[in-house]
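Following: one structure in structure tokens, then a few remarks.
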């Protein structure tokens, strides 16, 4: 059950990042909220792990923020 939710959240994150130069984690959550999707931190972190494992995103630290972009 949790794996399905993580996969769905990964899809939401991927769609938000698609067509951008990348975003901070905070911006990703903000964009999701604009689309009436509430993303919890734990769900986003699991989704990012999924996308990293699939070589779909790059993640780096910018100050204290995580910056994510599609590969």
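For segment 51-69, the set of residues classified as under 24 Å from residue 2 (Cβ atoms) and at pLDDT 95 or above consists of 51, 52, 53, 54, 55, 56, 57, 59, 68, listed by residue number.
In segment 14-41, the residues that are in contact (Cβ under 8 Å) with a residue 60 or more places away in the chain never reach a residue that is surrounded by 10 or more Cβ atoms within 10 Å (Cβ to Cβ) and not in a loop (DSSP other than H, G, I, E, B) with C-beta atoms less than 9 angstrom apart, at least six apart or across chains. Of the residues making up segment 16-47, those that are under 19 Å from residue 3 (Cβ atoms) and out of contact with any helix residue (DSSP H, G or I) (no Cβ under 7 Å at 6 or more places or on another chain) are 40, 41, 42, 45.
The values are calculated or read from the model by the stated rules, or taken from the named source; none is laboratory data. The structure displayed is predicted, hence computed values, not measured ones. Note that we place each Cβ from the backbone using ideal geometry, even for glycine, and neighbour counts take in every protein chain shown.
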